[in-house]
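What follows is one structure encoded as structure tokens, with my remarks underneath.
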Amino acid sequence: MPAPEDLPGQMASTAPEGFRSGFACFVGRPNAGKSTLTNALVGSKIAIASSKPQTTRHAIRGIVHRADAQLVLIDTPGLHKPRTLLGERLNDLVRGTWTEVDVIGVCLPANQKIGPGDTYLVGEIANLPRKPMLVAVATKSDLVGPQRMAEHLMAISALEEKLGIRWEHIVPVSAVGDDQLDVLADTLVSLLPEGPPLYPEGEITDEPEETLVAELIREVALEGVRDELPHSITVVVEEMNLREGRPAEKPLLDVFASMVVERDSQKGIIIGHKGERLRDIGAAARHQIEALLGTPVYLDLRVKVLKEWQRDAKHLNRLGF
Ligand SMILES: Nc1nc2c(ncn2[C@@H]2O[C@H](COP(=O)(O)OP(=O)(O)OP(=O)(O)O)[C@@H](O)[C@H]2O)c(=O)[nH]1
């Protein structure tokens, strides 16, 4: 029997006949409504679980627990035009996640015409070696009338031929108006394989957001570094607060974080030539934090040297080990 660390695998528990379980993610251009949709589907049961070993680097955004199924929604950062190797690797990571999920919900907001950003994204999915099943989600249906929605659905449908893909379903939905959310949930669940729950409710670690954010930054910082450095870096989120005095619809989350290393030479590696590496790490981490928490983020990221912190009890205590 696999050890619990081998999750996500199959739980030892037996599930009811016909129980389905699996992974899905939502993709779409910025503002397409992905986060709102995830939150609406997961509802009050939102649980940001720490990633299990196999899914390290995949933030679990939420788990929809149902009597007949368990749907695990994975968060992926957006695809960005890569400017650096780090950027390329992050994109590879996103593509990697796409090939591992059972279903991708492509969010196409009804109040906007399908544009080059959307076709690029769907085209990228179409080019994957192993394509998951695709569901087109016409989001923000509350913002348009029937005429516009009909046009939108036709345009979505036309993408099949244009891009050589197949929509299993096309579902108009409004997360804000709570319209068709149940249909979308049923649709996604119907595409999951049969199998027992992957995460028992009780076993979800509800990590504090600070821990998840620190972990995300560490993962980004570790991309492309080798040898002893990975073990020498730890990340501490010193402070994380919504900035005061912002309008409610324009929140900004201030995150103050330090990457802690053991030696000055390591600090140099992290900072890079003229600070380039540190800037790349900061930018990539900020995108990931925003994708995870669904809020624009200001990230103040510094590098600190705590001599031999791994061997110093006082340092270890302070760092929360
Ligand atoms: N009217 C309406 N607005 C919505 C709906 N879903 C999301 N929105 C709004 O659209 C905006 C963007 O929603 P998000 O859920 O943050 O979109 P996202 O795709 O996660 O955005 P990024 O994180 O930038 O990729 C927010 O202002 C939401 O309130 C909907 O069903 N109806």
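I want to check the label-to-label distance for His273 and Leu252. Put each point 7 Å from Cα in the C-beta direction and report it in nm to one decimal.
Taking the two extended label points, one gets 3.2 nm.
Counting other Cβ atoms within 10 Å of each Cβ, which GluC sites (Glu not before Pro) in segment 219-321 have at most 16 and sit in a DSSP loop?
Filter output for segment 219-321: Glu228, Glu244, Glu249, Glu308.
Distance between the C-alpha centers of segment 104-158 and segment 257-297? Whole Å please.
33
Return the subset of Lys274/Lys314; Lys34/Lys274; Lys267/Lys314; Lys34/Lys131 for which the Cα-Cα distance in this structure is over 27 Å, preserving the input order.
On the way: Lys274/Lys314 32 Å; Lys34/Lys274 36 Å; Lys267/Lys314 21 Å; Lys34/Lys131 20 Å.
Correct reply: Lys274/Lys314; Lys34/Lys274.
Please report the antiparallel percentage of the DSSP beta bridges confined to segment 209-318, to the nearest 5. Numbers along the way, then the final one.
Values: 8 of 17 bridges.
Roughly 45 percent of the DSSP beta bridges within segment 209-318 come out antiparallel.
Can you pick out the pairs among Lys140/Lys162; Lys113/Lys140; Lys113/Lys250 whose Cα atoms lie more than 19 Å from each other?
Values: Lys140/Lys162 24 Å; Lys113/Lys140 13 Å; Lys113/Lys250 24 Å.
Exceeds cut-off: Lys140/Lys162; Lys113/Lys250.
Per residue, how big is the convex hull around the C-alpha atoms of segment 209-318? Give it to me in cubic angstrom, could you? Working shown, then result.
Numbers: hull volume 11.1 nm³, N = 110.
Output value, Cα hull per residue: 101 Å³.
Using modelled amide H (1.01 Å from N, peptide plane; none on Pro or chain starts), what sits under 5 Å from the amide H of Arg20, excluding residues fewer than 5 places away?
Ala69, Gln70, Gly195
Which far-off residues, 5 or more places away or on another chain, put their amide H under 5 Å from the one on Val27, with H placed in the peptide plane?
The list, which skips near neighbours in sequence, is Gly105, Val106, Cys107.
Within 10 Å of each candidate Cβ there may be at most 14 other Cβ atoms; applying that plus a DSSP loop requirement, which trypsin sites (Lys or Arg not before Pro) in segment 229-301 survive?
On the way: sites: Arg243, Arg263, Lys267, Lys274, Arg277, Arg279, Arg286; in loops: Arg243, Arg263.
Answer in residue order: Arg243.
Can you put Val171, Val220, Val137 in order, fewest other beta carbons within 10 Å first?
Details: Val171 22, Val220 28, Val137 32.
Fewest to most other Cβ atoms nearby, the residues stand as Val171, Val220, Val137.
Seen from all sides and averaged, what is the projected area of the convex hull of the Cα atoms in segment 129-177, in nm²? Before the final figure, lay out each step's value.
Values: hull surface 15.4 nm².
Convex hull of Cα atoms, orientation-averaged projection: 3.8 nm².
When a footprinting reagent is the concern and you count Cβ atoms within 10 Å, what order do Val183, Val103 take, fewest first? Provide the component values of the computation, followed by the final result.
Details: Val183 13, Val103 22.
In increasing order of surrounding Cβ atoms, one gets Val183, Val103.
Here, each number is a calculation from the coordinates, and none is a lab measurement. Given the structure is predicted, the values throughout are model-derived calculations rather than measurements. Quick reminder, even Gly has a Cβ in these numbers, built from the backbone with ideal geometry, and neighbours come from all protein chains shown.
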